[in-house]
Amino acid sequence: MPMDQRSSALPASIMFDTFDAPGAGGGFTQGTYPLSINSVGSVTGYYLDANLAYHGFLRTADATIVTFDAPGAGFSARQGTTPESINREGAIAGYYSDSTGATRGFIRTPDGLFTTLAIPEASDDPYTFPYCINDAGLVVGKAHDSSGNWVGFLRAAGGQNLVFDFPSQAWSVNAE
C-alpha cells in the first residue's frame, strides 16, 4: 500500500515532533537518537557529536532538552553515554563506555544524580548493559558472569540483584 494511503488512515490527533539535541553532529551516522518515551511525554536517548562520541539527553514534555554524560564516560569516538529507558518519574537507565573500552551500567535519578550499577554476580570484566527501567525502579539487562558468559539481570530499586542464565538478557520489564 502506498505511504499516502496508509497515513491517511491515521487519526488527525496524531502529531509528530522533530528535534535535535544541542551538540548533535550533522554528518553521516551523527545526530539525535531518541530511544524511550515515558507516559508523561519525556524522551531519552543519545546523540552522536562531530567526534562520534555518545552523549545522553532528556527531552521533557515541555520540549526542554537537557544533555548529560555519565561520570567516567569517555569522550572519544565510540565512547560515551547511551541512555536506554526512562520511567514515569524520569529515572533513566543506560550504560556508558569509558576510555578503556569498559561498559558500565548507570541509573540517572530525575534530579540528575548517577549510580553506577554493580552486578556482584558478574565478573570484574565490566560489561553491563541495562536496557529497561520500570516505574517501580526495577532495571533489567545483561552482564558478563565470572566465566565471561552473558547473563541476564534484574536489579531491584533497593539494589538487590537477581542474575539468570536463560535467557541471557532481559530487554523489558513491566509494572507487575
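The values are calculated or read from the model by the stated rules, or taken from the named source; none is laboratory data. Please read these numbers as outputs of a predicted model, since none were measured by experiment. As a convention, Cβ positions derive from the backbone with ideal geometry for all residues, glycine included, and neighbour counts pool all protein chains shown. The protein model used for the area step is the full one, side chains on, heavy atoms only, and it has no ligands, DNA or RNA in it. Shrake-Rupley method; radii C 1.70, N 1.55, O 1.52, S 1.80 Å.
Within region 68-93, the set of residues being without any contact (Cβ under 8 Å) to a residue 40 or more places away in the chain and either at positive phi or hydrophobic (A, V, I, L, M, F, W, C) (or both) comprises Ala73, Phe75, Ala77, Arg78, Gly80. Scanning for something open to solvent by less than 60 Å² (accessible area, probe 1.4 Å), under 25 Å from His144 (Cβ atoms), in contact with a Gly (Cβ under 7 Å, 6 or more places away or on another chain) and aromatic (Phe, Trp, Tyr), does region 63-77 turn up at least one residue? No, region 63-77 contains no residue that is open to solvent by less than 60 Å² (accessible area, probe 1.4 Å), under 25 Å from His144 (Cβ atoms), in contact with a Gly (Cβ under 7 Å, 6 or more places away or on another chain) and aromatic (Phe, Trp, Tyr).
All of (1) in contact (Cβ under 8 Å) with a residue 24 or more places away in the chain; (2) in contact with an Asp or Glu (Cβ under 9 Å, 6 or more places away or on another chain); (3) more than 18 Å from Ala70 (Cα to Cα) hold for Lys142 with one exception: (2). If the requirement is being closer than 30 Å to Thr32 by Cβ, touching a residue at least 12 places away in the same chain (Cβ under 8 Å) and either in contact with a Phe, Trp or Tyr (Cβ under 8 Å, 6 or more places away or on another chain) or among the small types (Gly, Ala, Ser) (or both), which of these qualifies: Gly148, Gly105? Criteria check complete, one pass: Gly105. Among the residues that make up region 108-131, is at least one of them of a type in the set (A, V, I, L, M, F, W, C), free of Cβ contacts under 8 Å to residues at least 40 places away in the same chain and outside any loop (DSSP other than H, G, I, E, B)? The answer is no; no qualifying residue exists.
Could you check, for region 71-79, whether at least one of its residues is under 15 Å from the mean Cα position of the chain (by Cα) and outside any loop (DSSP other than H, G, I, E, B)? No: region 71-79 contains no residue that is under 15 Å from the mean Cα position of the chain (by Cα) and outside any loop (DSSP other than H, G, I, E, B). Being in contact with a Phe, Trp or Tyr (Cβ under 7 Å, 6 or more places away or on another chain) and within 21 Å of Thr67 (Cβ to Cβ) narrows it down to one of Glu89, Glu84, so name that one. Among Glu89, Glu84, only Glu84 is in contact with a Phe, Trp or Tyr (Cβ under 7 Å, 6 or more places away or on another chain) and within 21 Å of Thr67 (Cβ to Cβ). State all residues of region 125-169 that are buried (at least 17 other Cβ atoms within 10 Å of the Cβ) and modelled with pLDDT under 80; if no residue qualifies, say none. Once the filter is applied, which keeps residues that are buried (at least 17 other Cβ atoms within 10 Å of the Cβ) and modelled with pLDDT under 80, region 125-169 yields Pro126, Asp145. Looking at Thr29, is it at pLDDT below 95 and touching a strand residue (DSSP E or B) at 6+ places or on another chain (Cβ under 8 Å)? Considered against the rule, which asks whether it is at pLDDT below 95 and touching a strand residue (DSSP E or B) at 6+ places or on another chain (Cβ under 8 Å), Thr29 comes out as yes.
Please work out which residue is surrounded by the fewest Cβ atoms within 10 Å (Cβ to Cβ), limiting yourself to region 102-124 and to residues that are at pLDDT 95 or above and aliphatic (A, V, I, L, M). Result: Leu113. Return the only residue of Ser99, Ser85 being surrounded by fewer than 20 Cβ atoms within 10 Å (Cβ to Cβ) and either part of a loop (DSSP other than H, G, I, E, B) or at pLDDT 95 or above (or both). Of Ser99, Ser85, the one residue that is surrounded by fewer than 20 Cβ atoms within 10 Å (Cβ to Cβ) and either part of a loop (DSSP other than H, G, I, E, B) or at pLDDT 95 or above (or both) is Ser99. Looking at region 10-21, is at least one residue open to solvent by 50 Å² or more (accessible area, probe 1.4 Å), within 30 Å of His144 (Cβ to Cβ) and over 13 Å from the mean Cα position of the chain (by Cα)? So far as region 10-21 goes, no, none of its residues is open to solvent by 50 Å² or more (accessible area, probe 1.4 Å), within 30 Å of His144 (Cβ to Cβ) and over 13 Å from the mean Cα position of the chain (by Cα).
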